[in-house]
Structures are given as C-alpha cells and as structure tokens.
1. Is at least one residue of region 260-275 out of contact with any strand residue (DSSP E or B) (no Cβ under 9 Å at 6 or more places or on another chain) and among the aromatic types (Phe, Trp, Tyr)?
2. If you check every pair at least six apart or on different chains, which have Cβ atoms under 8 Å apart with a residue in region 276-291 that is under 19 Å from LEU209 (Cα atoms) and in contact (Cβ under 8 Å) with a residue 60 or more places away in the chain first and a residue that is of a type in the set (Gly, Ala, Ser) and surrounded by 17 or more Cβ atoms within 10 Å (Cβ to Cβ) second?
3. For a quick check of your reading: which helices (runs of 4 or more DSSP H) sit entirely within region 1-92 and have at least 3 residues that are assigned by TED's automatic domain parsing to the domain that holds LYS104 and without any contact (Cβ under 8 Å) to a residue 12 or more places away in the chain?
4. Report whether or not SER103 is surrounded by fewer than 17 Cβ atoms within 10 Å (Cβ to Cβ), free of Cβ contacts under 8 Å to residues at least 60 places away in the same chain and under 20 Å from GLN12 (Cβ atoms).
5. Answer yes if at least one residue in region 268-278 is touching a Leu at 6+ places or on another chain (Cβ under 8 Å) and at negative phi, and no otherwise.
6. Could you please let me know if GLU159 is at pLDDT below 80 and not assigned by TED's automatic domain parsing to the domain that holds VAL287?
7. Take ALA194 and decide whether it is in a helix (DSSP H, G or I) and either touching a strand residue (DSSP E or B) at 6+ places or on another chain (Cβ under 7 Å) or at pLDDT below 90 (or both).
8. Can you work out which of the residues in region 18-70 that are β-branched (Val, Ile, Thr) and under 24 Å from LYS104 (Cα atoms) is surrounded by the most Cβ atoms within 10 Å (Cβ to Cβ)?
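The values are calculated or read from the model by the stated rules, or taken from the named source; none is laboratory data. All values reported here derive from a predicted model rather than from experimental measurement. All Cβ positions, even for glycine, are placed from backbone atoms using ideal geometry, and neighbour counts span all protein chains on display.
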Amino acid sequence: MTQQDPITHGLQAEQAVLGAIFLDSSSIDRIPDLEPRDFSESHALIFQVMRWLNKNDMPIDIITVTNQFVKFKREIDVAYLMQLSDSSPSAENIKYYASIVRSKALRRRGEKVGNEIVALSRQDFDSDEDYFAAIEDKVDELRPKESSKMQSFRDMRTEYFEKKKSKAEKLKTGLFKKFDEWAQLWRGWLYVLAGRPGVGKTAKALQLLYGIASHNLNAGPVLFWSQEMDKTEVIDRMVSMIAEVNYDKLINNGGTEGFTDAQWDRINEAYRICENLLIFVQDSSGVSIDEIRATVKQFKKQYGKVAAVIVDYLQIMEIPEKKGETRAQAIGRITKASKNIARRFKLVFIMLSQLDRAVDKEEPKLSHLKESGSIEQDSDVVEFLWYNPDDQLPDSSKIIDSIFAKGRNIGLNRFRLEFKWWHQKFVETDLKVGAKDDGDSNKANRNTRGVRSGAGATKKRSSSN
C-alpha cells in the first residue's frame, strides 16, 4: 500500500475497520452509515465486497472476499488481506474507527469539491441561478448519506416528550376562522391549491399570504412567486382585499372619476400595512425549483426561518424534461423537491395547480389534478376551489366550494366560500341556494363568471367602494 497524506487519509483507521469485520463479520451491521466512498480506493473495493457478502447472508472472511475478487477478475493481494485481519485489536471499537474514516473522507471530498467549484467558474451557464444551483449540488454531495436506524421506545422517549411539551408548529390563516379551528397550516406541508381558471386561486393564495404574514408575526417572511401577473397587479389585488376599494377601479387607476379622498386614505393605509409585514414578491415567468430553493436559503440565513412559500402556479414553472422523461415525470421531480423544501426548512409550501376540463362538468377529484399523479402523492393537503353553476345565489357573488380532498393528519372537509371578487376576497359563508340577497349596493352588476365585470359596472360601483 502506498503512503498518502495523513491529514486527509486515515489509512490506519480504514485498516482497523476492515480488520474488525474480519474478526467479527456481524460488526459490519453496527456501521450502516459508512459508505465505500469513505475509504481510499483500494480499501473501498474491499469494503464494497464485504457489504455485498453481508447483504446476501454470506460469511465474510479472507476466503470469501478473495473469491469475489477472483470471480470478477480483479487483482487482490491475499497477503495484505491476512495483514488486515491482524490490524484490529478488537471488533468492539469498530464504531470509533468508522467515525475516524468518515471524518477523514469528508475532508477529502471537501478538497475535491472545492476544486470542482473552481472549475465551474470557467463554464458557461444559461443564467447566474444555474451557476449557483450547480455549486449547491456540489456542496450537497459532501453530506453523508444518513440512514435511519431502528430505535426502541426508551431511545425515543426524550425527543417524543420534548415535542409534546412544545407548541405544534402551525400557522393561522387569520382570515378563515372555520379552517383555523379545524386544522390551521402545518409547517412542513406541501399544500396544493387547485382549481379551474377563474375560480379565484390567486385571490385565495394572496389572502393566505396576507393572513400568514399578519397573524403570525414571528413566523418569518412569506415569499410569493407570481408567474402570470406583474408586481403592480399583485399589489392591486392585495390593496383591494385589505382596503376594500373596488378592484376594477384600482386596475383602471381610478377611472374617469378618480379616487375619492377617503379611498386614497384606505389605499395608503393598506399599502402601509403590507409595507410593515415580511411579505416579498417576485414577478418572473418560468421560475425554477432551484431558484426557489436558493432564495429560501438566503431568507433563512437572513431571518432565521421562513413561514411560507407560495408559487402561482405549478404547470408554468420551468420544468425541463430529461432524456426519455415524460412531462408527468418531470412535474413529479418538482413536487418531490417542493415537499423536500417544506420539510427541510420547516415552512408551508403552497403550490397552485390547474385542474383538467372534466371539472367543468363534475365535482373535482384527486384524479383531476392536471398532468401528474405525483401531485396527489407528494402533497400533504389538496384543496379544490370549485365553481358549481347549479349552486349559485341569484344576482350575487360567486359561491365557491372549498373541498379538502386530501389532508394528512387532519382528514377531509369542505367549506362554502363567498368570493367577493370586486374586493378580491373570500369569506366563509353558510349561504344556501335560494337565500335572499341582502340588498347591499356593492353587489350590483356582479359578473359571477369572472373576476372582472367591465367598465360600465365599474362606474356604477365606484362611488360605494
């Protein structure tokens, strides 16, 4: 064996690990986290053979290891194997030897990754974000591949009771009382909010954005990615919702009549409220999951935690398809990565999604999630917003069914929401078909098929909003 740098190669520790296994083959089961890549090249192959023999319930000794090398026509120094068998004083210390091997391996890989990162700076990337993502992938390769271990109830006792004594990691919406009483938003969730175009998915998402930020003040920032609307449109919807200023009038900058002094006061106050909350918006099309992950990392570093991520919406994200991969499989990679972000950073990841056209004729089901069954599989919660044309109030706002078709740890439920689109706001309601209109002048000329009703209706409503 050639001598190598003792700083990055614990050759004696590697020999001690292999020797301990020769002494007691069952000791290999005590070091499940150790990987062949943690060893120097010649030792790595010996350890890999040992793991294969153990996996296949075969004895591990000099004869069986030598036989595998001969079988695959690989050279092996039998005398060196015999030397290894004498290199460990006891198999009892194998975990300690293994910790040295892993520590040295991490430093060895760190040096290698550092050189690879330097090389990346000389490569061409489509964007800086792709460059940062490549660096992060290299750094992630450094981390050991942890394996779960069986634990007894005695082992798990301390962690279990510490969790029971702490508050559950949930966030209030603050705006949907019935939902908050039933479930609230759990950190670590991938929460899919799905519906057909025009049912108010973005309006509901922005209400959640505002509610999380305003009713959970120490929960961290809320990050919103808007891929269809620019930031001014997002602000218009937020201001309309908070200030209750007519949405059509806002997007037309006051129209021919302009804003009244009272309306200006409400607009300014709504903006001031948002300004003082940890709400951040990015308006760019084709956002990638790598960009989202990198941004979350930056905010986590700056603020210590992130409350929620909201992406509007899944199907128009940048979703590159690998060779031989279907669109559904590519989307599956995004939903799995989104779930990992939610769990790793302990945040609520709210992903908006489209439903297929069959929902226009029937109540939505999980099978209607557009383009991928992985959305159903990876999500913790799936909420459908459904407009049923046969269940609407006459001359009124939209009645939308909020259907929770999947709910990990919370079960299934449904709520009725009244979508006051002229204020971009949902409210929980018990109104039923056939109920009398309350005569509120704000309800005049509402268009129950969309979020906007046209300039003529705007003029009639502007004075009362």
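1. Step one: of region 260-275, the residues out of contact with any strand residue (DSSP E or B) (no Cβ under 9 Å at 6 or more places or on another chain) are 260-275.
Those still in the list that are among the aromatic types (Phe, Trp, Tyr) too: 264, 271.
Yes: one or more hits.
2. Close Cβ pairs satisfying both conditions: LEU277/ALA213; LEU277/SER214; LEU278/ALA213; LEU278/GLY220; LEU278/ALA307; ILE279/ALA213.
3. Details: elements: 11-23, 41-55, 62-71, 78-85.
Output list reads 41-55, 62-71.
4. Working: surrounded by fewer than 17 Cβ atoms within 10 Å (Cβ to Cβ): yes; free of Cβ contacts under 8 Å to residues at least 60 places away in the same chain: no; under 20 Å from GLN12 (Cβ atoms): yes.
No, not satisfied.
5. Kept after step one, since they are touching a Leu at 6+ places or on another chain (Cβ under 8 Å), are these residues of region 268-278: none.
No, region 268-278 contains no residue that is touching a Leu at 6+ places or on another chain (Cβ under 8 Å) and at negative phi.
6. Numbers: at pLDDT below 80: no; not assigned by TED's automatic domain parsing to the domain that holds VAL287: yes.
Against the criterion (at pLDDT below 80 and not assigned by TED's automatic domain parsing to the domain that holds VAL287), GLU159 does not qualify.
7. Working: in a helix (DSSP H, G or I): no; either touching a strand residue (DSSP E or B) at 6+ places or on another chain (Cβ under 7 Å) or at pLDDT below 90 (or both): yes.
Spelling it out, it is not the case that ALA194 is in a helix (DSSP H, G or I) and either touching a strand residue (DSSP E or B) at 6+ places or on another chain (Cβ under 7 Å) or at pLDDT below 90 (or both).
8. ILE21
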